[in-house]
Amino acid sequence: MLGLVLCLQTLELIRIWPQVRKIWTLELVRRQTGWFPSDQAFHALLWLRLAASLGLLWSLSPWLVWILIGITLLSAIRFGGSLNGGSDYMTLVILSSLLLPWGRIYLAVQLTLSYVVAGLVKIRLPEWRNGKTLTLLTGLPAFLSLPMLLWECSFPLAWSSPRLLWLYLAVGVCFHLCNAKILGLNRFFWIWLAAYWRLITNFS
Amino acid sequence: MAYFALMLLPVLLGGRWRRLLRVLVPSWRFFENAELPPRLWLRYEEWEPGWKPLRRALWFNPEDLLELACRDLVHALCADLEENSRPIQDCESYLMLVNLARERGAHRFKLCQQGDDIFLSASF
């Protein structure tokens, strides 16, 4: 699953590369970093990322994982620190979890934090609690806001039983699907699904 | 363990590396502001909205990936304006927005929030 998601991510980046190099120009990136691979070399690295993503379908070799981490990091630097925000974070969390002996626990902790922290920063604001901001940002009805925040904040409960975990993850799939269809965050949908996949294949 | 050593880099290097390497340290603080972010306007004959509509496709969606990355440039410029440590025309976020505006055939850009202009670029 992760290999396929990384393939999708890389193909998207390869597709927008001609525009990217005109906006996030090499000169401006090198001004910030001092050194960065040339455009031709970076383009070649994107193809290497695609090959490494395909390789992940057959083997979870640490070498492949390190190649993917390195090129993901370089891509983020090219975009001033992050290409697609949270989906970059989750990509690196899943990849790094493959390198650790207790990687699934690390992934479970980060997945839980991704909901709890996001929920807590929003629930303290009255505009989020009464749904005004949800409607403003997404056009969804205001009454959905509080249940969504409660689902996010209570996510640690999901780990209390396999049945509850399936319930929380099912809501999570709907949540990320809405984000993809309303906010254009398709990469979040796929990478969070990859995180779910890696966890449930062990937990259940 | 080597990966966790890597995670210390943004802290150890500091400065602009803290921003450039921020993906190494996950931050899950999404949508912590209750208001709409500033919007980009581009100057052609008239001012026109700078954002393209999102396709919202679930599978292969490079158009939205590019569009959202462009929208993040506005956040980067706002952060640089707030930091105010060097002339804004020297900031990479400003120069990248100039590149974006040029790429879309415009010769000037501005940022608006809740109907007010909060930043107006030079003509280029």
task: Pick out, in residue order, every one of the GluC sites (Glu not before Pro) in segment B:12-47 that is DSSP loop and has at most 10 other C-beta atoms within 10 Å; say none if there are none.
output: B:Glu45, B:Glu46
- request: Could you work out the mean count of beta carbons from other protein chains within 10 Å of each residue's beta carbon in A:83-93?
  value: 5
task: Would you give the gap between the C-alpha center of segment B:3-68 and the C-alpha center of segment A:50-108, rounded to a whole Å?
output: 18 Å
- prompt: From the phi of every residue in segment A:87-92, what ³J(HN,Hα) in whole Hz does the Karplus formula 6.51 cos²θ - 1.76 cosθ + 1.60 yield, where θ is phi - 60° and glycine or proline is x?
  reply: 5, 5, 4, 5, 4, 6
query: In Å, what Rg and Dmax follow from the Cα atoms of segment A:112-203?
result: 13.4, 39
- prompt: With Rg and the Kirkwood Rh both taken from Cα atoms, where does Rg over Rh land for chain A?
  reply: 1.00
- request: Check each of the trypsin sites (Lys or Arg not before Pro) in segment B:23-73 and keep only those in coil by DSSP with at most 16 other C-beta atoms within 10 angstrom; list them in order.
  value: B:Arg29, B:Arg55, B:Arg56
- request: Can you pull the one-decimal nm distance between simple spin-label points at B:Phe4 and A:Leu120, each 7 Å off the Cα toward Cβ?
  value: 2.1 nm
message: Only four residue types carry charge here, +1 at the Cβ of Lys and Arg and -1 at the Cβ of Asp and Glu. Report the dipole size of chain B about the Cα centre in Debye, rounded to the nearest 20.
response: 340 debye
field: Karplus-derived 3J(HN,Hα), 6.51/-1.76/1.60, for each residue of segment B:109-121, Hz, glycine and proline x
entry: 9, 9, 10, 10, 9, 6, x, 9, 6, 10, 7, 10, 7
field: Check: chain A dipole with +1 on Lys, Arg Cβ and -1 on Asp, Glu Cβ, in debye
entry: 180 debye
message: Once R0 is set to 45 Å, what does the formula 1/(1 + (r/R0)^6) return for the Cβ-Cβ distance between B:Arg108 and A:Leu11, expressed as a FRET efficiency to the nearest 0.05?
response: 0.85
task: Loop only per DSSP, at most 13 neighbouring Cβ atoms within 10 Å: give me the chymotrypsin sites (Phe, Trp or Tyr not before Pro) in segment A:101-131, ordered by residue number.
output: A:Trp102
- prompt: Short version: what are the Cα gyration tensor semi-axes of chain B, square root of 5 times each eigenvalue, largest first, in whole Å?
  reply: 29, 19, 14
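None of the figures in this text is laboratory data; all of them are computed from the coordinates on show. Quick caveat, the model's predicted, so the values are computed rather than measured. Please note: Cβ atoms are built from the backbone with ideal geometry, for glycine as well, and neighbour counts cover all protein chains shown.
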